[in-house]
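See structure below.
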Amino acid sequence: MYQYDTYDQAMVDARVAEFSDQVARRLAGTLGEEQFRPLRLKNGLYLQLHAYMLRVAIPYGTLNSAQMRMLGQIADRYDRGYGHFTTRQNIQYNWIRLEDAPAILTDLASVGMHAIQTSGNCIRNTTADHFAGAAADEVADPRPYAELLRQWSTFHPEFDYLPRKFKVAIIGSETDRAAMRLHDIGIRVVRNTAGEEGLKIYVGGGMGRTPMIAPVIRDWLPAQQMVSYLEACLRVYNRHGRRDNKYKARIKILVHELGADEYRRQVEEEFAHILTLGLEPPPAELARIKAQFADPPFDPAAIEAIDLSDPDFALWVDQNVHPHKAPGHAIVTISLKPAGGIPGDASADQIRLIADLARDYSHDELRVTHAQNVVLPHVRRADLPAIWQQLDAAGLATANLDLIGDIIACPGLDYCSLANARSIPLAQKISARFADVERQRDLGELKLKISGCINACGHHHAGHIGVLGVDRKGVENYQLLLGGSEGADTSLGTIVGPGFSEDGLVDAIERATEFYRAQRQPGERFLDTYRRLGAAPFKEAIYA
Amino acid sequence: MTAETITILTGNALLGGEVIWWTGQGWSRHIDEAAAVPDDGAAVIAAESAAGRVVGGYAIAATRDGAGIRPQHIKERVRALGPTVRLDLSLRPHDPAAAAWIA
């Protein structure tokens, strides 16, 4: 777990004081909205459809129980009793009053959190594998590198006004659980044959208006050169990225237009120069950070065997529990996707319960996933029944992880001022239609992602089934995409055909899944069958 | 009452960010209290913005009939009502027809 040092705390406290003064001046009328707007956005405070919205950064999705409890307290005290976990491992509050913003930021700072750089054309909160430090398949823990990136990117003066926002994701496993290649920079921590840690660097991925999969820019980078190399990547982007057209301003456009080879050449040239400047933190700093992420004291006597005689519990274990690197332990994913529910929303009571479970059963650790769920990363298998019972009582034991009911959905037109169509009601209808968990399990892994506009906060390009909401002459319309994926086999979905109404889309998805069931070969996921057969037969079935 | 197309002014309140509508004398949270303006409302918005009584004001087209005022664009209808997925937090929490008003 990261720990604020005196510099971190002083910087965040100073920012809170500064913003408190800015809010006071805005309320007193000495700052106009034109002056104030960039200041509030620098502190994660947006003005959305119905109210101010505060986006709080959760560093690489990692929380302790005190932080989680504070998130619940803020939901109760300053919002309307709930929060929304986002696809960038953050949390958003939808009903914030401007006058309360300084007090909220003060509360956040008291637990080592803030909302800085959750907006604007800067380096946003780094995201990471939500199973980091726990996964059985992990090569190396990416969190120390993510923490180094947090320290490097926070208030980095050179990169505070980039051509466009900038997102970094980092993983340390073969399995990509962070959609790493769909970020401006993706980093995979790897090991060479000598056992040394290095980094594989991907640059120029992204979703949005022009989705692209990031190419490899560096196959192997010595881990102790990460900051210098990323500095070079950002400098080339900052120098040549377009500022005349926001739709062509992301680094993916630069890498695409220069070509990966030329971009790489320029980065290497800049990198060679930066290495002469001694910007890289000393190895002792990375070692100090790594010590903060040492394994918690796992129970060496923890047992593997558990009583699975309760079928509902057994179902949940099978679907929502993953192998842990420590014997007798497990990783629990708490689904925030009840049938008919709002993806990613959690009430203050639920947030507090999850905090208590982390404190009591998971070495005080939590993770937020980009799929809008919450993870207890380090639990003893023997504690699974007690955890499940408490989750079940709170409506948090839905056994649908990675199934069709585990839908990613952006806030859409119900909350977001950028949206063209509502996402959440559609997600609710789909998850209600497929509420039968056995039916979901029969369909197998099926990632369904919904965005309410082309900005793709709902990752629709990366869904096995993706949905994009559009505005057709003032009427909501939904385009259906098939064939996207965010993992090791990253691919971009393609639009099947003409769009649908909300109800029409639910029917279309059902027809696609029925066609898959009829055509699948043993062991094939929906995505596999789609890739084998291609788009045409699916289209024929969907529009029949 | 015959349906007519009117221009009304909207924005958000400074303090709480609530959606508000220009009534001719001030701002209301209820769209049915909105007043039709004869032009694009730029002068009103400029004065009200300068006074800190509205943030991000702008004019929209709406239809007015015997049932009230209904924005022509769905985004403004969502703004006027509240989130359709949390009608308990909307301005019409007990109205079963509220969601249908959006569509």
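Taking all protein chains as they are arranged and a probe of 1.4 Å, the heavy atoms of A:F500 leave approximately 20 Å² accessible to solvent. The calculated FRET efficiency for the pair A:R472 and A:E524, based on their C-beta separation and a Förster distance of 35 Å, comes to about 0.50. Computed with a 1.4 angstrom probe on protein heavy atoms, the A-B interface buries about 2200 square angstrom of accessible area in total. Would you mind computing, in nm to one decimal, how far apart the modelled labels at A:T175 and B:L89 are, each placed 7 Å from Cα along Cα→Cβ? The modelled label-to-label distance comes out at 3.3 nm.
Across the stretch A:1-59, the volume of the C-alpha convex hull divided among the residues equals 89 Å³ per residue. Our estimate of slack between A:R265 and A:D507, defined as 0.36 nm per intervening residue step minus the Cα-Cα distance, is 82.2 nm. Taking a straight Cα-Cα cut-off under 28 Å and skipping sequence neighbours fewer than 8 places away in the same chain, the lysines within cross-link reach of A:K42 are A:K165, A:K167, A:K246, A:K248, A:K252, B:K75. By the rule of a second cysteine Cβ within less than 4.7 angstrom, chain A holds isolated cysteines at A:C122, A:C233, A:C416, A:C453. Sorted largest first by accessible area at a 1.4 angstrom probe radius, with every protein chain in place, the residues B:T23, A:T126 fall in the order B:T23, A:T126. Using the empirical formula 2.2 N^0.38 Å as the baseline, the Cα radius of gyration of the stretch A:431-514 reaches a ratio of 1.08.
For chain A, report the accessible area per residue in Å² (1.4 Å probe, heavy atoms, rounded to an integer). Write out the running numbers ahead of the final one.
Details: 19430 Å² over 544 residues.
On a per-residue basis, chain A sits at 36 Å².
Residue ranking by accessible heavy-atom surface, 1.4 Å probe, largest first, among A:Y78, A:Y478 comes out as A:Y78, A:Y478. First compute the accessible area of the stretch A:314-393 with a 1.4 Å probe, then give the percent of it belonging to carbon and sulfur atoms. The nonpolar share, carbon plus sulfur, comes to 47 percent. Applying the Karplus relation 6.51 cos²θ - 1.76 cosθ + 1.60 with θ = phi - 60° to the stretch B:62-78 yields 3J(HN,Hα) values of 9, 10, 10, 9, x, 8, x, 10, 10, x, 6, 9, 4, 4, 6, 5, 5 Hz, where x marks Gly and Pro.
Each of A:K248, A:K200, A:K337 has its accessible area taken with a 1.4 Å probe; listed largest first, they run A:K248, A:K200, A:K337. When only alpha carbons are used to place a centre, the stretch B:62-80 and the stretch A:304-330 end up 52 Å from one another. Principal axis extents of the Cα atoms in the protein assembly as shown, from largest to smallest and rounded to whole angstrom, are 80, 61, 49. Counting heavy atoms of the protein chains alone, A:I454 has an accessible area of about 50 Å² for a 1.4 Å probe. Of all beta bridges that DSSP places with both ends in the stretch A:408-543, some 65 percent have antiparallel geometry. In whole Hz, what ³J(HN,Hα) sequence does the stretch A:506-523 give by Karplus (6.51, -1.76, 1.60; θ = phi - 60°), x for Gly and Pro? So the Karplus estimates, Gly and Pro as x, are 4, 5, 5, 5, 5, 5, 5, 6, 5, 5, 4, 4, 6, 9, 5, 9, x, x Hz.
Across all directions, the average projected area of the convex hull around the alpha carbons of the stretch A:6-162 is 10.1 nm². Accessible surface for A:E174 stands near 120 Å², nearest 10, in the context of the full protein assembly shown (1.4 Å probe).
Put a dot 7 Å past the Cα of A:S110, heading toward its Cβ, do the same for A:A194, and the two dots end up 5.0 nm apart.
Restricting to DSSP loop positions (anything but H, G, I, E, B) with no more than 15 other Cβ atoms inside 10 Å of their own Cβ, which GluC sites (Glu not before Pro) remain in the stretch A:27-125? Loop-located and lightly packed - none at all. Whole-Hz Karplus values for the stretch A:278-291 come out as x, 6, 5, x, x, x, 4, 5, 5, 5, 5, 5, 4, 5 Hz, taken residue by residue from phi with 6.51 cos²θ - 1.76 cosθ + 1.60 and θ = phi - 60°; glycine and proline positions read x. Cα centroid separation, the stretch A:444-502 to the stretch A:71-136: 26 Å. Shown for the stretch B:4-102 is the translational diffusion coefficient from the Stokes-Einstein equation, using the Kirkwood radius over Cα pairs, a temperature of 10 °C and a viscosity of 1.306 mPa s: 116 µm²/s.
Note on the stretch A:127-291: percent of Cα-Cα distances in each 10 Å bin, starting at 0 and stopping at the bin with the largest distance, equals 11, 40, 37, 11, 1.
The values are calculated or read from the model by the stated rules, or taken from the named source; none is laboratory data. Keep in mind that what you see is a predicted model, and the values were worked out from it rather than measured. Neighbour counts are summed over all protein chains in view; Cβ atoms, including those assigned to glycine, are modelled from backbone coordinates with ideal geometry. Note: accessible area is taken over every heavy atom of the protein model, side chains too, but ligands, DNA and RNA are not part of it. Shrake-Rupley method; radii C 1.70, N 1.55, O 1.52, S 1.80 Å.
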